[in-house]
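Here the structure is laid out as structure tokens; the discussion comes afterwards.
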Amino acid sequence: MRGRGIRPWVAGAAATLVVAALVTAGCRGGTSEAERPDAARPRIVLIGWDAATWHVVQPLIDAGQLPNLARLVEDGAHGVLRAEPPLLSPVVWTTIATGFPPAEHGITGFELPDPATGKPILASTVHRRRAPVWRMASAAGRSVGVVGWWSTWPADEVDGFVVTDHLAYNRFDDWIDRGDADPGAPRHLTFPEELTEELRPFAIRPEAVDPEDVLRLAPFGAREREEMVRAEKPVLFHAPSVIKFAWVTDASNHAFARHLLDTREQPDLFAVVYVLSDVAGHVFWHHYEPELFPGMQAAADDPLAETIPNVYRLLDRWTGEILDRVSPDSTVIVLSDHGMGAKRVLPKPWVNPAGDHTPEGILVVRGPGVPAGADLGVVPQVDVAPTLLGRLGIPVARDMPGRPVELLLPPGTTVADLPSVPSYGDGRSATVPDALSPARQEYEERLRSLGYIQ
Ligand SMILES: [Zn+2]
């Protein structure tokens, strides 16, 4: 379908585009629209369903309950996206973004030492030692937009925008110190910085949650409903509180994504990540497959049995709302960082979840030239980044351990045809500070005294 002239999407959005061009003129790195022959430009829309698994997806597709994902599967290719341990979201989402394993990309856990103080803080871009694909794309003159991707704070400087995983409420901010206690410092919650104020009205505040929104996903009985309404903080593995705060995160990120796609031209590479599928799996799996949990009283009409399906149906609807806002010839990718399965032990707050991560995530790709109905088999996560580069027409780096998935390359292209460069290096942004802590000055003085810096 590439090579078409004006598409209905562009014509319908012409007025928006004029506004968008003005709004984004300041951060587009000087590449004008005239230099970008629109029709020939491959565009990618990547939608992350954290911890989504075929084990839940397939029966819902078969029952006609995930119409948007079902259409993508039918018209595109699908497979299992396989994660390597440790199966932790910050680690594996960074593997997907960089194309490198954790030992090389540097995000090896939820918590890592603050470079300044050595104190454990949330894994952040200051710990990341490899370029994410949005920086590679940006450096190659492609526009990018990223919303809610794990470990993207402080925001990378790109041609386009980054809304980090800390603009919306992030439950890990309550569980692990983020290390940005310096009140005067730029917050880097978004790039560009001023986007933070523009998006603020779309962020749902935890204290302003409509309980009905959460109850539509998790129809709690009276006691848990009360716990959910009253929860001021998420308690690890405590269903009423974590589902509430995960709703806040995802509903905010979805609102940001919709607003950004409504007010700007679609970036060449757009990505948004939702986490409710992970959270629901962790704390409701004993309701989903009660027979796998010794001691679980499996009521035949347990309303919470529908919570995991409710969440998947919501993400399917949101996926449809994203697709309504992008060009129909975009390459659409829905993927998960890992899967989820029964832990076979009843959950207990702070102690253990009901559902646990499994290595097998989902991968669905629909786009020009992607063979309909193709089974991609098992795809290693390190293959995603080179595949994205290949599809965008950007050189693949020869130091990347993964290979582009040939079936997903533009029609007529083989892996051997792809241009390559030696490396994208560490892909550090000028705007990302080297350290996060207010103690940075003291740290620098120490380094200076030791002769490490001038
Ligand atoms: Zn998880």
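The values are calculated or read from the model by the stated rules, or taken from the named source; none is laboratory data. From a predicted model like this one, the values you see are computed outputs, not experimental measurements. FYI the Cβ positions are ideal-geometry reconstructions off the backbone, even for glycines, and counts take in every protein chain you see. Protein only, heavy atoms only, side chains kept; ligands, DNA and RNA dropped before computing areas. Shrake-Rupley method; radii C 1.70, N 1.55, O 1.52, S 1.80 Å.
So the values come out like this:
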read-out	value
Residue ID - surrounded by the most Cβ atoms within 10 Å (Cβ to Cβ), chosen from residues in region 324-340 that are within 16 Å of the ligand (Cβ to nearest atom) and part of a strand (DSSP E or B)	340
Any hit, region 47-60, residues being charged (D, E, K, R) and either within 16 Å of the ligand (Cβ to nearest atom) or modelled with pLDDT under 95 (or both)	yes
Of all residues making up region 47-83, the number that are open to solvent by less than 10 Å² (accessible area, probe 1.4 Å) and in contact with a Leu (Cβ under 7 Å, 6 or more places away or on another chain)	7
Strands (runs of 3 or more DSSP E) lying entirely in region 341-405 (those with 1 or more residues that are away from the ligand (no atom under 16 Å from the Cβ) and of a type in the set (A, V, I, L, M))	360-366, 375-380
Those residues of region 159-192 which are free of Cβ contacts under 8 Å to residues at least 60 places away in the same chain and under 18 Å from the mean Cα position of the chain (by Cα), in sequence order	162, 164, 166, 173, 189, 190
Helices (runs of 4 or more DSSP H) (entirely within region 194-250) containing at least 3 residues that are farther than 23 Å from residue 163 by Cβ and modelled with pLDDT of 95 or more	211-217, 222-230
Any chance residue 326 is over 25 Å from residue 380 (Cβ atoms), out of contact with any strand residue (DSSP E or B) (no Cβ under 9 Å at 6 or more places or on another chain) and among the aliphatic types (A, V, I, L, M)	no
Close pairs from region 281-300: first without any contact (Cβ under 8 Å) to a residue 60 or more places away in the chain and farther than 17 Å from residue 313 by Cα, partner hydrophobic (A, V, I, L, M, F, W, C) and within 16 Å of the ligand (Cβ to nearest atom), Cβ under 6 Å, at least 6 apart	289/342; 292/342
Answer from 290, 267 - the residue that is closer than 30 Å to residue 350 by Cα and more than 13 Å from the ligand (Cβ to nearest atom)	290
